[in-house]
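Engineer: This is the structure, below, for whatever I ask next.
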Amino acid sequence: MRDSLPSHRRAVVFDDYREDFDAMVEGLSVQELPLPKLGKGQVLVEMEAAPCNPSDLMFMRGQYGVRKTLPAVPGWEGVGRVIATGGGFMAGMVKGKRVAVGSQSDDGGTWSSHIIAEANGCLPVPDDMAVSNAASFLVNPFTAYAFLDQSKKAGHTAIVQTAAASQAGRIVNAIAKSKGMTVLNIIRREDQAEVLKGLGAEHILNSTDPDFEDRLKGEISRLGVTVAFEAVSGPMTGTMFNALPPGGTVYVYGGLDDTPIGNIDRRELIFTGKSITGFFLGTWMGSKNLIQLGKAAKEVGALFKNGTIATSVQGEYALDDVKEALKAYAGNMTAGKILFRP
């Protein structure tokens, strides 16, 4: 541990929630911010890298379910090293360690040189884990793991997922294969189909095909799909709901289409026992104790180590290049994540 600690951090900051993407990007700046005093159970993490997820863009545009006191620092997750603690058992356990860290507090925000985080929200990761995997250890892998774990425990053997070529979608495919589950993948462009085929995906449908809904119902029936993992929202949620068999469930976890959920056949809603519900990783993690989270982290870490899952990165950027970085990412999310390297 070092003798002197920083009194400030350098971070990306925004001062208002701007729905328009270009206005949101132009409203970002990089500032020096004072670091509050550490409380018991808290740690100071010197950040190594932090990714941008779709939820980060939604957050800064005011479309996410969590808001911070403004001005705020974005960034839900990242990787760094614990360089100081405010005391407490859990803080002592991670002192000096490289950790995957996530934070939704006002003092958090991983697009920064340092963050203050709760020690029990820090998961140690190996020093030799690739930075791309370590920085993205939490949001996508844990979302995929949590969804598939609870689906398998509920007796589902086959799922359908939208935005299948996304980072989360690719990880769903990999984890599902390790659990012996079948995945029906929904994409929007043919180049996305090639990406998934290259990863071993077998069942793929393009939502822009004119006969998509008929083919969707046919494949859901043929493969025995009973649950949907839905990242698009808007009319697509209703399309998934209508196509599922009686008793099926749609889990909505994203909002790539910012229009209201719709296209729901009322007969399917009333007479078939189907349901639509939300899935939020923060709620799932909050429902687990440290032993359960540790088990999940161990399983996710093993999948990274043996190459079952991996995070692709299209570019690395300094904090000062945040505007260029976000435009590149939003222009082609299928190409991989971007990483900020403070």
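Engineer: Before we move on, is residue 291 at pLDDT below 90 and either under 30 Å from residue 238 (Cβ atoms) or of a type outside the set (D, E, K, R) (or both)? Let's see the steps before the verdict.
Structural biologist: Working: at pLDDT below 90: yes; either under 30 Å from residue 238 (Cβ atoms) or of a type outside the set (D, E, K, R) (or both): yes.
Criteria met by residue 291.
Engineer: If you don't mind, there's one more thing I want to ask. Considering only residues of the stretch 107-126 that are over 16 Å from residue 41 (Cα atoms) and modelled with pLDDT under 95, which is farthest from the chain's Cα centre (by Cα)?
Structural biologist: Going through the stretch 107-126, the residues over 16 Å from residue 41 (Cα atoms) turn out to be 109-114, 125-126.
When the remaining residues are screened for being modelled with pLDDT under 95, the result is 109, 125-126.
Working: 109: 15, 125: 18, 126: 21 Å.
Only one residue fits best here, namely 126.
Engineer: Go over the candidates 167, 161, 150 one by one and state the one that is crowded, with 22+ Cβ neighbours inside 10 Å and either closer than 27 Å to residue 246 by Cβ or charged (D, E, K, R) (or both).
Structural biologist: Details: 167 fails: either closer than 27 Å to residue 246 by Cβ or charged (D, E, K, R) (or both); 150 fails: crowded, with 22+ Cβ neighbours inside 10 Å.
Answer to the selection: 161.
Engineer: Give me the pairs: first residue in the stretch 194-212 and more than 15 Å from residue 184 (Cα to Cα), second residue at pLDDT 90 or above and outside any helix (DSSP H, G or I), beta-carbon distance under 7 Å, and six or more apart or on different chains, which are they?
Structural biologist: Short answer, once both residue conditions are applied: 208/188.
Engineer: Okay, next question. For the stretch 4-63, name all the residues that are of a type in the set (Ser, Thr, Tyr) and assigned to a loop (DSSP other than H, G, I, E, B).
Structural biologist: Going residue by residue through the stretch 4-63, those that are of a type in the set (Ser, Thr, Tyr) are 4, 7, 17, 29, 55.
Correct list: 4, 7, 17.
Engineer: Report every pair of residues separated by at least 6 positions or lying on different chains whose Cβ atoms are under 7 Å apart, first residue within the stretch 229-252 and under 18 Å from residue 270 (Cβ atoms), second acidic (Asp, Glu) and assigned to a loop (DSSP other than H, G, I, E, B).
Structural biologist: If the second residue must be acidic (Asp, Glu) and assigned to a loop (DSSP other than H, G, I, E, B), the pairs left are 242/265.
Engineer: So in the stretch 228-245, with the set limited to residues that are more than 10 Å from residue 162 (Cβ to Cβ) and either outside the structural domain of residue 169 (by TED's automatic domain parsing) or in contact with a helix residue (DSSP H, G or I) (Cβ under 8 Å, 6 or more places away or on another chain) (or both), which one is surrounded by the fewest Cβ atoms within 10 Å (Cβ to Cβ)?
Structural biologist: Step by step, filter the stretch 228-245, then rank; the result is 245.
Engineer: Could you grab me the full set of residues in the stretch 67-93 that are crowded, with 21+ Cβ neighbours inside 10 Å and either at pLDDT 95 or above or in a strand (DSSP E or B) (or both)?
Structural biologist: Filtering the stretch 67-93 for residues crowded, with 21+ Cβ neighbours inside 10 Å gives 73-80, 82, 85, 91.
Once the filter is applied, which keeps residues that are crowded, with 21+ Cβ neighbours inside 10 Å and either at pLDDT 95 or above or in a strand (DSSP E or B) (or both), the stretch 67-93 yields 73, 74, 75, 77, 78, 79, 80, 82, 85.
Engineer: Of all the residues that make up the stretch 289-312, how many are free of Cβ contacts under 8 Å to residues at least 12 places away in the same chain and surrounded by 14 or more Cβ atoms within 10 Å (Cβ to Cβ)?
Structural biologist: Adding up the residues that qualify gives 0.
Engineer: Failed condition for residue 64, given (1) surrounded by fewer than 22 Cβ atoms within 10 Å (Cβ to Cβ); (2) in contact (Cβ under 8 Å) with a residue 24 or more places away in the chain, with all others met?
Structural biologist: (2)
Engineer: Can you find a residue that is in the same structural domain as residue 220 (by TED's automatic domain parsing), of a type in the set (A, V, I, L, M, F, W, C) and in a helix (DSSP H, G or I) anywhere in the stretch 180-189? Steps first, answer last, please.
Structural biologist: Start the filter on the stretch 180-189 by keeping residues that are in the same structural domain as residue 220 (by TED's automatic domain parsing), which leaves 180-189.
Cutting the leftovers down to of a type in the set (A, V, I, L, M, F, W, C) gives us 181, 183-184, 186-187.
Subsequent filtering for residues that are in a helix (DSSP H, G or I) retains none.
No - not one qualifying residue is present in the stretch 180-189.
Engineer: Next question. Exactly one condition in (1) modelled with pLDDT of 90 or more; (2) surrounded by 12 or more Cβ atoms within 10 Å (Cβ to Cβ) is false for residue 278; which is it?
Structural biologist: Tallying (1) modelled with pLDDT of 90 or more; (2) surrounded by 12 or more Cβ atoms within 10 Å (Cβ to Cβ), residue 278 fails exactly one: (2).
The values are calculated or read from the model by the stated rules, or taken from the named source; none is laboratory data. On a predicted model such as this, the values are computed, not experimentally measured, just so you know. Note: ideal-geometry Cβ built from the backbone for every residue, glycine included; neighbour counts use all protein chains shown.
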